[in-house]
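All remarks here apply to the structure that follows.
Just so it is clear, none of the values below were taken in a lab; they were calculated from the coordinates. These numbers were taken from a predicted model, which means no experiment stands behind them. Positions of Cβ are backbone-derived with ideal geometry, glycine not excepted, and every protein chain shown enters the neighbour counts.
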Amino acid sequence: MVWEDVEVGEPGAGQARVRHSACGLNYIDVYHRSGLYPLPMPSGIGMEGAGVVEAVGPGVTNVKKGDRVAYASAPVGAYAEVRIMAADRLLNLPDGISFDQGAAMMLQGMTTQYLLKRTYKVQPGDSVLIHAAAGGVGLIACQWAKALGATVIGTVGSDDKAALAKAHGCDHTIVYTRENFTERVKQITGGALLPVVYDSIGKDTFVGSLDCLRPMGMMVSFGNASGPIPPFDSSMLASRGSLFFTRPSLVHYTAKREDLVATAKDLFDIVLSGKVKIEVRQRYALKDAVQAHRDLEARKTTGSTLLIP
């Protein structure tokens, strides 16, 4: 990745030009940079930002010049001081939410919304497992699942991360570097196992996650931090009790404008209620995005990270 000056220009029909106050750092950015999720090259990078609308093109009605906005959406290109994008992907930020919060929560927060309320609808009394509980999605998901009445079990890589997850609603933490998370889930649940596992780790946790599920439980694989899950025999699901497996994506859950708006409103409402707190735990200058990626991949970060133009 290199830092370059480019000419941005004026927005066309259906477009808006946004000047960023902050840009979000997410693990999907690593997938794009590494080629796991291929992009046409050369390419910008980044899925999330918050700032002010500078100009709009013909036909734009949902935002206007001067509006405070945030987004988490394709196409990539959020690592920028200014960018042009489709106006119908922009969301007006409520007065009670800052630019930093907006840039830190849109992708992770809307991901959490669809995971907990649409992919598998968490009910009061459910016990759920959230991998990487001290990560960006993890901290939001722990708080939100707790607000929904769930008992939250989270895996983390260190005692410091365990303390952080517990401070954000995680009832039981499992330090995977020294504990077998499958065995601990069996102990915590008294052998009853779980209705759902939310797994952003991928290859390293796949089989263990399946073994945490009760019959007809749901394995939700929404990331590949340790590498993609290798091809597997579907009889693995049958032999463990007719399990469900899904690989969802925010892109599909928010493809329709009405779904995007409803998902964001749910996120804004729970943040404004105080039940979910968005904490920016790392900040980098945008020009230092290379170092930010190194630290993210080395698991040196927790919670949300911002790149500041």
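Pairs of Cα atoms in segment 43-165 fall into 5 Å distance bins, from 0 up to the last occupied one, in shares of 2, 11, 17, 17, 16, 13, 11, 7, 4, 1, 0 percent.
Restricting to Cα atoms and excluding each atom paired with itself, what does the Kirkwood estimate give for segment 53-111 in Å? Could you put the intermediate results ahead of the total?
Working: mean 1/r = 0.0819 Å⁻¹.
Over segment 53-111, the inverse of the mean reciprocal pair distance is 12.2 Å.
What is the local net charge at Leu148, summed over the other residues whose Cβ is closer than 11 Å to its Cβ (Lys, Arg +1; Asp, Glu -1)? Let's see the in-between values first.
Details: positive: Lys117, Lys121, Lys146, Lys275; negative: Asp126.
Value of the local net charge: +3.
When the Cα atoms of segment 2-44 are aligned to their principal axes, the ranges along those axes come out at 32, 23, 23 Å in descending order. Multiplying the residue separation of Lys287 and Ser273 by 0.36 nm and subtracting their alpha-carbon distance yields 1.6 nm.
Which pairs in the list Lys161/Lys277; Lys256/Lys277; Lys146/Lys186; Lys166/Lys265 are over 22 Å apart, alpha-carbon to alpha-carbon? It would help to have the intermediate numbers written out before the result.
Working: Lys161/Lys277 17 Å; Lys256/Lys277 27 Å; Lys146/Lys186 20 Å; Lys166/Lys265 26 Å.
Flagged as over cut-off: Lys256/Lys277; Lys166/Lys265.
For the chain, the C-alpha radius of gyration divided by 2.2 N^0.38 Å, with N the number of residues, is 1.00. Each Lys and Arg Cβ is given +1 and each Asp and Glu Cβ -1; about its Cα centre, segment 124-247 then shows a dipole of about 100 debye. Using the Karplus relation 6.51 cos²θ - 1.76 cosθ + 1.60 with θ = phi - 60°, the per-residue 3J(HN,Hα) values for segment 70-79 come to 8, 7, 8, 6, 6, x, 5, x, 6, 6 Hz, with x marking Gly and Pro.
Which whole-number percent gives the relative contact order of the chain, counting Cα pairs below 8 Å spaced six or more residues apart? Show your work: numbers first, answer last.
Working: 652 pairs, mean separation 55.9, N = 309.
So the answer I get is 18 percent.
Scattering from segment 124-247 was approximated by placing one identical point on each alpha carbon and applying the Debye formula without solvent; log10 I(q)/I(0) at 0.22 1/Å stands at -1.34. What is the Cα centroid distance between segment 216-245 and segment 1-54, reported in whole angstrom? Taking the Cα centre of segment 1-54 as reference, the centre of segment 216-245 is 32 Å away.
Quotient of the Cα radius of gyration of segment 160-309 and 2.2 N^0.38 Å, N being its number of residues: 1.21.
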